[in-house]
1. Quick one: which residue in 142, 152 is within 29 Å of residue 328 (Cβ to Cβ), hydrophobic (A, V, I, L, M, F, W, C) and either outside the structural domain of residue 249 (by TED's automatic domain parsing) or within 16 Å of the ligand (Cβ to nearest atom) (or both)?
2. Just name the residue that is nearest to the chain's Cα centre (by Cα) out of those in the stretch 276-291 that are within 14 Å of the ligand (Cβ to nearest atom) and surrounded by fewer than 18 Cβ atoms within 10 Å (Cβ to Cβ).
3. Please specify each residue of the stretch 60-86 satisfying the condition of being surrounded by 18 or more Cβ atoms within 10 Å (Cβ to Cβ) and part of a loop (DSSP other than H, G, I, E, B).
4. With respect to residue 182, is the statement that it is away from the ligand (no atom under 16 Å from the Cβ), surrounded by 18 or more Cβ atoms within 10 Å (Cβ to Cβ) and either of a type outside the set (Ser, Thr, Tyr) or within 27 Å of residue 89 (Cα to Cα) (or both) true?
5. Can you report the number of residues in the stretch 207-249 which are out of contact with any strand residue (DSSP E or B) (no Cβ under 8 Å at 6 or more places or on another chain) and within 24 Å of residue 267 (Cβ to Cβ)?
6. Give me the pairs, please: first residue somewhere in the stretch 307-329 and free of Cβ contacts under 8 Å to residues at least 60 places away in the same chain, second residue anywhere and away from the ligand (no atom under 11 Å from the Cβ) and among the small types (Gly, Ala, Ser), beta-carbon distance under 9 Å, and either six or more positions apart or on two chains.
7. Which pairs have Cβ atoms under 7 Å, sit 6 or more apart or on different chains, and link a residue in the stretch 178-203 that is not assigned by TED's automatic domain parsing to the domain that holds residue 280 to one that is surrounded by fewer than 20 Cβ atoms within 10 Å (Cβ to Cβ) and of a type in the set (A, V, I, L, M, F, W, C)?
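The values are calculated or read from the model by the stated rules, or taken from the named source; none is laboratory data. Keep in mind the model is a prediction, meaning the values are calculated, not measured. FYI the Cβ positions are ideal-geometry reconstructions off the backbone, even for glycines, and counts take in every protein chain you see.
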Amino acid sequence: MSVVYYIPTDTCELLVATMSDRGKAKAVHRSEKVSLSAGRTGTEVCNTRTMLEITPSGQACGATVRNVDLRRLDDELVAAIRHAWLDHKVLAFPDQDLSDDDLEAFTLRFGPFGDDPFFASIDGHPNIAAICRRADETSTLFAENWHADWSFQEFPPDGTCLYGKVIPPSGGDTLYADQQAALAAMPHELRVRIEGRSAIHSAGNSYAPDGLYGDGDEGRSMQIRPSESAYETRLHPVIRPHRETGADTLYSTIGYIIGIDGMDADEERDLLVELYHWQTREEFQYRHRWEEGMLTMWDNRCVLHRATGGYDGHDRILHRTTIGYNHDV
Ligand code: SIN
C-alpha cells in the first residue's frame, strides 16, 4: 500500500514517500498530516526509500527542497513535489545536475510544455529558452517588471521551471510576490473595486515590434522574437480561484494587464497602479538567491515574479521551460 506522510515542523517540513505496490501516484492531502515523532516512526516502519526535506523560506512564500535527485522521480515523489509546490508556490531544488533532456523530462512530470511565443529556443531543444545576460551587456534587464508568465494567453501556463547554469557571485536574485496573500490581506475598499471585474491582457508593451523587446532593442544576448501577434488581447478575471487549490488569488499585473474591461481609461489606470502597489508590497515577497545547479519551479497562477540586476561584469545564464496549462487538473 502507498503511504505518504506530510510533516510540518517549525522550521522544516519533511515529506516522506514510500513506493506504492504498483508505483501509482497518490495525492498528498493535508488530512495526512502527522506529528513529527509519528513521522519519524513512520519513516522507519515504512522502510522509506525517499524523503524530501522541505525548508520554507520564512518569507511570504517559497521553500527549498533537498534530498531528492530530480533525474530520478517516481510517481509518488512527483505527487509529493506537486503538493509542496501548491503549498509553497515557489520551490527551489539546490545541487541538481540536470542536462537539458533532464530539465525537459522534469517539466513534463508537471504538465505539458507551454507555448513560448516570443523566445527562440536553444539548439535541439524547442521547449527550452536561455535566459542570459553577458557580463558587458548594457540592454535593459530582461523581465525586470513584475509579471505572471504569458498571462495574455487564452490558456496561460501553470508554471515555469528555471535552472541555474551560470550564476553571478552576487545580484541577479529573482523576486516573487504571493498573490493569494496579497488578496487575503487586501483592504475592503480596494477589493470591491476589482471584485467581478475582468482584466485585458496583452503582450504588446513587451513583445510587439514597438515594445520593450521590439525592433529598437539592441545589444541583447537573449534571443527574443517580437511579433505583431503581441497586440492580441485576452480577458481573465482579476480575482480567480486557483484551479487546483481553489484558493482565490489575484492574477497578473499592470504590464501584461493593459486595462479593465468596461472601465474608462482614467479610472482603470489609477486602479491598476494602486493594485500594483498593493500586489508587490514587501510583505508578500520572497527573494530567491540563485546557485549554479539549482532548479526553481513557480506557480504562475498565484505568484508574480521579476528579475533583479546588480551583477554587471558577470555572466548570468539560466535555462527555462514552461509548464503549460494542464487541462486535466
Ligand atoms: C523570467 O522571468 O523568466 C526570468 C527571471 C529571472 O531572470 O530572474
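1. Numbers: 142 fails: within 29 Å of residue 328 (Cβ to Cβ).
None of the other options fit; the residue is 152.
2. Of the stretch 276-291, the ones within 14 Å of the ligand (Cβ to nearest atom) are 285-291.
Pick out the ones that are also surrounded by fewer than 18 Cβ atoms within 10 Å (Cβ to Cβ) and you get 287, 289, 291.
Numbers: 287: 13, 289: 15, 291: 17 Å.
The selected residue is 287.
3. 60, 61, 62, 68, 70
4. Values: away from the ligand (no atom under 16 Å from the Cβ): yes; surrounded by 18 or more Cβ atoms within 10 Å (Cβ to Cβ): yes; either of a type outside the set (Ser, Thr, Tyr) or within 27 Å of residue 89 (Cα to Cα) (or both): yes.
In short, yes.
5. Total satisfying the criteria: 0.
6. These pairs meet every condition: 328/111.
7. Once the first residue is not assigned by TED's automatic domain parsing to the domain that holds residue 280 and sits in the stretch 178-203, no partner that is surrounded by fewer than 20 Cβ atoms within 10 Å (Cβ to Cβ) and of a type in the set (A, V, I, L, M, F, W, C) comes close enough.
Quick grid of which residues meet (1) in a strand (DSSP E or B); (2) in contact with a Phe, Trp or Tyr (Cβ under 9 Å, 6 or more places away or on another chain); (3) more than 14 Å from the ligand (Cβ to nearest atom):
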site	(1), (2), (3)
296	yes, yes, no
313	no, no, yes
321	yes, yes, no
326	no, yes, yes
